[in-house]
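**Q** Sharing a structure below in structure tokens format, with a few things to ask.
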Amino acid sequence: LRDVLAHLGSLGVVVVAASGNDATTREFYPAALSPRQDLVYGEDDTGVPVIAVGSLNPDESIALFNNSGSWIRAWEPGVSLVSTVPKMQGSVQPRVRLNDIVPGEPCIRSSIDDDNFASGFALWSGTSFSAPLLAAKIAKKLLDGDPPVQDATAARKRGWAAVEATTNIRLVPPPLA
């Protein structure tokens with residue numbers, strides 16, 4: 001995996017990876033390939049272009065489920081996010097016919113069903129929702145910047161410039177092999 005990611009990095013690709021939802025300090029891959037906070041990118045000579053992203057609550061505190069470690073380098077909202085989902089009914093909650101309880105009441109009422117996705121939308125939480133938010137910010141920065149380049153060195157510089165512009169990460173890319 002490291003070799004594949006290093007090859008992507010040599011082409012100027014930046015990988016944004018979810019840091020995991022296990023509330024542990026155990027490393028979660030590929031996010032754990034992100035450079036540590038105490039390292040300048042490239043000091044470990046991996047050349048791996050991974051940015052690990054953790055989840056923030058709506059109040060901007062770190063989500064309880066988020067993994068922890070110096071390899072998590074960026075934070076984005078990741079709790080109670082609305083997203084699309086295929087329209088489906090996951091499970092069925094019990095229904096009550098009110099005319100059985102309240103005479104003359106013809107309607108059927110039921111409790112809220114958290115697994116009913118008939119609307120095509122759902123409320124989600126997790127670092128896998130935080131990662132695409134950062135990836136989108138980086139992509140937007142790339143689209144707003146200079147036109148795409150064909151040269152790998154220029155593409156790498158352009159990619160890291162977008163990372164630096166959208167995060168608090170200041171990295172010195174490793175030399176090209």
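The values are calculated or read from the model by the stated rules, or taken from the named source; none is laboratory data. Just so it is clear, the structure is predicted and the values come from calculations on it, not from any experiment. Here the Cβ positions follow ideal geometry from the backbone for every residue, glycine too, while neighbour counts run over all protein chains shown. Protein only, heavy atoms only, side chains kept; ligands, DNA and RNA dropped before computing areas. Shrake-Rupley method; radii C 1.70, N 1.55, O 1.52, S 1.80 Å.
**Q** Is it fair to say residue 168 is open to solvent by 80 Å² or more (accessible area, probe 1.4 Å), at pLDDT below 85 and closer than 30 Å to residue 66 by Cβ?
**A** Considered against the rule, which asks whether it is open to solvent by 80 Å² or more (accessible area, probe 1.4 Å), at pLDDT below 85 and closer than 30 Å to residue 66 by Cβ, residue 168 comes out as yes.
**Q** Just to check your reading of the model, which residue among 6, 32 is at pLDDT 90 or above, outside any loop (DSSP other than H, G, I, E, B) and buried (at least 17 other Cβ atoms within 10 Å of the Cβ)?
**A** Numbers: 6 fails: at pLDDT 90 or above.
Answer to the check: 32.
**Q** Something else now. Which one is most open to solvent (accessible area, probe 1.4 Å) among residues in segment 126-165 that are more than 30 Å from residue 82 (Cα to Cα) and not in a helix (DSSP H, G or I)?
**A** 150
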